[in-house]
Amino acid sequence: IKVLFQNKTDEDFIKKICKLKKTYLIKGSGVNLNVFKYSRKETEIPQVVLPARIVKSKGIMEFIYAAKLLKGKARFIICGEYDYEAKDYISKEIINDYVSQGIIEYLGFRSDIYSILSKASIVVLPSYREGLPKALCEASACGKPIITTNVPGCRDAIFINKSGLLVPPRDYLLLKKAINKLLCDKNLRIKMGNEGRLYAEENFDILLIVEKHMKLYNASIKKFNLWIN
C-alpha cells in the first residue's frame, strides 16, 4: 500500500499512528503554469484578494476585520461561493452588510480566477486548516505575494518569508499588520512574487505532479502483474 499526502504535517501524523512504511508527499493537485502566468501588473489602487468559500474556517471574518482597520488603503476583495451546508457558514446578510459599508467587495463564485489573481497586489488566505490550498498554488504561479496562516497545508504552500508571510490563525490584528507591511512596500511585493513563481515552477507544475503520480501507479501495476503471474 502506498499512501499519498499533500502536506508534511498530515504525513508525519498518520505515518506515526498507523505505522505506515510507504508514504509519499506530493504538494497538491498541480497548476497549469501556461494558464496561470506570471503577472507583475497591479491596479492603481492595490487589490488584496481572498479566494475561498464563504465559511468562517477560511478566515473570512478575520480578513474583514483587518480590512476594516485598513479601509482606504486598498480594495479588499473576496471571491468564492456561499456554502450553507457547512456548519460554519457565513450568511449573505453579513457579507452584504460589510459590502454596503465599503469595507469589502464581494465577487461571488468566479470561474475566471486567473483574471482576478493576475491583477491582485496581495493574495490572502487566513484559513484555520487546509490540505494544500490550490488557490495559493495558483497565486504563486501568478507571481503574487501571499499572506496565510501558520497551520498545516497553508504553510506548505509558500516559501516562508520568501514568497509569503505567515500569521497566526484567528488573529486579525497580526493579519492587518502583515497586509499593511506589504501594502507599504511594493518592492517587497515584487520580490516575493518572483520567489513565488519560482516556487510554483519547482513544486506545483501540473506536468510534474502528474508525472510523480504516474510513476507510483506504474510501479504498483508492475508489481501487481508480477504477483498475478
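The values are calculated or read from the model by the stated rules, or taken from the named source; none is laboratory data. Note that the coordinates shown come from a computational prediction; the quantities given were computed from them, not determined experimentally. Ideal geometry is used to build each Cβ from the backbone, glycine not excepted, and the neighbour counts take in all protein chains shown. Ligands, DNA and RNA are stripped out before the accessible areas are found, and what is left, the full protein with its side chains, is counted by its heavy atoms. Shrake-Rupley method; radii C 1.70, N 1.55, O 1.52, S 1.80 Å.
Annotations
- When the criteria are applied in full, residue 43 fails the requirement of being of a type in the set (Ser, Thr, Tyr) and touching a helix residue (DSSP H, G or I) at 6+ places or on another chain (Cβ under 8 Å).
- The residues of segment 79-90 that are touching a helix residue (DSSP H, G or I) at 6+ places or on another chain (Cβ under 7 Å) and either farther than 29 Å from residue 11 by Cα or outside any loop (DSSP other than H, G, I, E, B) (or both), listed by number, are 79, 82, 90.
- Residues in segment 196-229 that are under 16 Å from residue 141 (Cβ atoms), among the charged types (D, E, K, R) and open to solvent by 60 Å² or more (accessible area, probe 1.4 Å): 201, 202.
- In segment 44-68, the residues that are open to solvent by less than 10 Å² (accessible area, probe 1.4 Å) and in contact with a Lys or Arg (Cβ under 6 Å, 6 or more places away or on another chain): 66
- Filtered residue count, segment 69-87, keeping only those that are more than 17 Å from residue 180 (Cβ to Cβ), within 17 Å of the chain's Cα centre (by Cα) and either of a type in the set (A, V, I, L, M) or open to solvent by less than 80 Å² (accessible area, probe 1.4 Å) (or both): 3
- In segment 1-43, the residues that are within 17 Å of residue 115 (Cβ to Cβ) and either touching a Pro at 6+ places or on another chain (Cβ under 8 Å) or open to solvent by 70 Å² or more (accessible area, probe 1.4 Å) (or both): 34, 35, 37, 38, 40, 41
- Scoring residue 24 on the criteria (1) at pLDDT below 95; (2) within 21 Å of residue 125 (Cα to Cα); (3) of a type outside the set (Gly, Ala, Ser) leaves a single failure, condition (2).
- Restricted to segment 174-185, and to residues there that are without any contact (Cβ under 8 Å) to a residue 12 or more places away in the chain and part of a helix (DSSP H, G or I), the residue that is farthest from residue 74 (Cα to Cα) is 174.
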